[in-house]
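The values are calculated or read from the model by the stated rules, or taken from the named source; none is laboratory data. Just so you know, these numbers come straight off a predicted model, no measurement behind them. Here the Cβ positions follow ideal geometry from the backbone for every residue, glycine too, while neighbour counts run over all protein chains shown.
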Amino acid sequence: MRKISLIIAMIVTFSLSLHAFTLGKLGNFEFKKVTKNVWIMHGPPMNPSVENEGFMNNPSFVEGEHGTIVIDPGGNYNVGKKIVAEYKKATNKPVLAILNTHKHGDHWFAGKAFQEAFPDAQSYAHPNMIKASKDGEARVWYNILEGLSKNLKGTDGPFAFPTKVLKDGDVLKIDGQTFKVFHPERAHTDTDILIEHTESNTLWLGDNLMDCRLGGMDESSSVFGNIELLEDILAQRKGYKKYDLYVPGHGPSGEMHKTIDPFLNYFTVVLKWAKKGYADGKESYEIKPEVSAELKDYHDWDEFDRQMGKHLMKAYSEVEAKDF
Ligand SMILES: [Zn+2]
């Protein structure tokens, strides 16, 4: 009898691993219950690539009594189908809603696969996110991500644009779960929402927080704004509380200082040097080696070499703009 159950266990394990969401040597990915009724699949914190199939964010869901609320479903339709398959291993409940933190496609494009599997799910975002995405950002991100991962086929025509809006201060109640919405005017982008799940005391920060990787900023972003936001969260100002869990857009989740301090410190150092360089009348490329030396703890972060110089230039332009 014991032998038979061992064989059954082996077959089950084998068949599960056959259908695991595996990305080569990056390993297997699955939803894990991280606290109370919160599940997260932490993606590899690296740039989108053929190897990771364009999956590198942190899709999450909150489990209610009758259904779930998904946050940032993932980076394209094809990995989305794999993420949906993993979702179905974690729960039998339907998705009731999808909350999207910002306009970048590596976070929301997989919503298409979730909406295909759960047609009644309502998709939410800040109005700026919906407008920017429809006005061309979705296409821009499709092209960026297709260039890097070659896995975007099926993600468009049409894109899974969110249809419901969430604004700063909104409190969304779904299936007995409470979500408080924060919108910093300008931080990672001008389309961001941060999401507090009150019952589990968790905060999703979108890409206003990253760990182990750096990402691009654009003309809608603000280094000043991103720093101010993270300082507000640490100081528990503007409605932010002390949370049990902080979830970044990329990289591991964790407790307050361990999760927030590295990224905040990175931008603080970049801005400090931008102010100094500007005051000394130096170009950003002239001070880049000194900035890089002070940021030596970040050299192993994915994309450091490509992004740090750009962030420094961005900080310069903001310092200059404030001077006028
Ligand atoms: Zn982003």
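Annotations for the structure displayed:
- Of everything in segment 20-78 that is polar (S, T, N, Q) and in a strand (DSSP E or B), the residue that is surrounded by the fewest Cβ atoms within 10 Å (Cβ to Cβ) is 28.
- Single residue of 191, 155 found to be closer than 23 Å to residue 225 by Cα and among the polar types (S, T, N, Q): 191
- Evaluation of residue 228 against the conditions (1) closer than 18 Å to residue 35 by Cβ; (2) outside any loop (DSSP other than H, G, I, E, B); (3) not β-branched (Val, Ile, Thr) shows that the sole unmet condition is (1).
- Residue selected from segment 140-164 under the condition more than 16 Å from the ligand (Cβ to nearest atom) and part of a helix (DSSP H, G or I), by the criterion surrounded by the most Cβ atoms within 10 Å (Cβ to Cβ): 146
- Just one of the listed residues (109, 114) is within 14 Å of the ligand (Cβ to nearest atom) and within 24 Å of residue 19 (Cβ to Cβ), and it is 109.
- Test: residue in segment 62-81 that is hydrophobic (A, V, I, L, M, F, W, C) and closer than 30 Å to residue 299 by Cβ: yes
- Test for residue 167: is it modelled with pLDDT of 95 or more, closer than 25 Å to residue 228 by Cα and exposed (fewer than 15 other Cβ atoms within 10 Å of the Cβ): yes
- One residue stands out in segment 177-200 among those that are more than 16 Å from the ligand (Cβ to nearest atom) and in contact (Cβ under 8 Å) with a residue 60 or more places away in the chain: the one that is nearest to residue 249 (Cα to Cα), namely 197.
- Criterion violated by residue 221 - all others in (1) modelled with pLDDT of 95 or more; (2) within 16 Å of the ligand (Cβ to nearest atom); (3) exposed (fewer than 15 other Cβ atoms within 10 Å of the Cβ); (4) not acidic (Asp, Glu) satisfied: (3)
- Any hit, segment 289-299, residues being part of a helix (DSSP H, G or I), surrounded by 14 or more Cβ atoms within 10 Å (Cβ to Cβ) and in contact with a Ser or Thr (Cβ under 8 Å, 6 or more places away or on another chain): no
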